[in-house]
Amino acid sequence: MLKDPYILQPAALDESANERALENALLARLKGFLIELGSGFAFVGNQVRLEVDDEEFFLDLLFYHTRLHCYIVIDLKVVDFQPEFAGKMNFYQTAVDNVFKSDKDAPTIGLILCRGKNKTIVEYTLRDVKSPMGVAEYRLLPPKLKTKLPPVSQLKDAVASLDVPKS
């Protein structure tokens, strides 16, 4: 259901960026990020505050999926996946279900978006997890490649000019 990997094109971001820099770069290009996520994603907010028993927690990114009728929490990691990330995500999902979710909404989906992952470690970590959770990698578009690509407006014009028969 979720893509893997996501190809991110944040401006002037390299492999040494921290999670907040990655988040800010993605927000600066939110429309492109929503397109990369796929259809149905609606942006709810970033650094969304959750209060649980007088303690504050902040979700990196919160979306609502209009087709699945559920919230989607994205936790950004600028390092490779670690098993403890799943415990934190499970907490976030439970908190969102208790704070935001209505009776008509499906359970919250968690997506841990990280620099890399070992598939076996992810499989072992998520095997018995009861809440819907996924781990996906992101890849940054290399700066050299970005400068060689035509602007998005030019690509849109080219696609619009194609005479594609409707099926």
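The values are calculated or read from the model by the stated rules, or taken from the named source; none is laboratory data. The structure presented is a predicted model; accordingly, all values stated were derived computationally and were not measured. All Cβ positions, glycine included, derive from the backbone under ideal geometry; neighbour counts span all protein chains shown.
Taking the stated definitions as given, is Gly110 assigned to a strand (DSSP E or B) and modelled with pLDDT of 95 or more?
Working: assigned to a strand (DSSP E or B): yes; modelled with pLDDT of 95 or more: yes.
Criteria met by Gly110.
Sort through Leu26, Leu62 and tell me the only one that's crowded, with 18+ Cβ neighbours inside 10 Å, at pLDDT below 75, of a type in the set (A, V, I, L, M, F, W, C) and not in a loop (DSSP other than H, G, I, E, B).
Numbers: Leu62 fails: at pLDDT below 75.
Testing whether each residue is crowded, with 18+ Cβ neighbours inside 10 Å, at pLDDT below 75, of a type in the set (A, V, I, L, M, F, W, C) and not in a loop (DSSP other than H, G, I, E, B) leaves just Leu26.
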> Do you know which of the residues in segment 76-111 that are in contact with a Gly (Cβ under 8 Å, 6 or more places away or on another chain) and not hydrophobic (A, V, I, L, M, F, W, C) is nearest to Phe57 (Cα to Cα)?
Replying inline: Tyr92
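Quick check on Val52: is it within 18 Å of Val135 (Cβ to Cβ), more than 13 Å from the chain's Cα centre (by Cα) and at pLDDT below 95?
When the stated conditions are applied, Val52 does not pass them.
A quick yes/no check of all residues on (1) assigned to a loop (DSSP other than H, G, I, E, B); (2) buried (at least 17 other Cβ atoms within 10 Å of the Cβ):
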position	(1), (2)
Lys31	no, no
Phe57	no, no
Ile74	no, yes
Tyr92	no, yes
Ser102	yes, no
>> One residue is enough: does segment 155-164 have a residue meeting the conditions surrounded by 13 or more Cβ atoms within 10 Å (Cβ to Cβ) and either of a type in the set (Phe, Trp, Tyr) or at pLDDT below 95 (or both)?
In response: no
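Quick grid of which residues meet (1) surrounded by 15 or more Cβ atoms within 10 Å (Cβ to Cβ); (2) modelled with pLDDT of 95 or more; (3) not basic (Lys, Arg):
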{"site": "Val96", "(1), (2), (3)": "yes, yes, yes"}
{"site": "Ser131", "(1), (2), (3)": "yes, no, yes"}
{"site": "Tyr138", "(1), (2), (3)": "yes, no, yes"}
{"site": "Pro151", "(1), (2), (3)": "no, no, yes"}
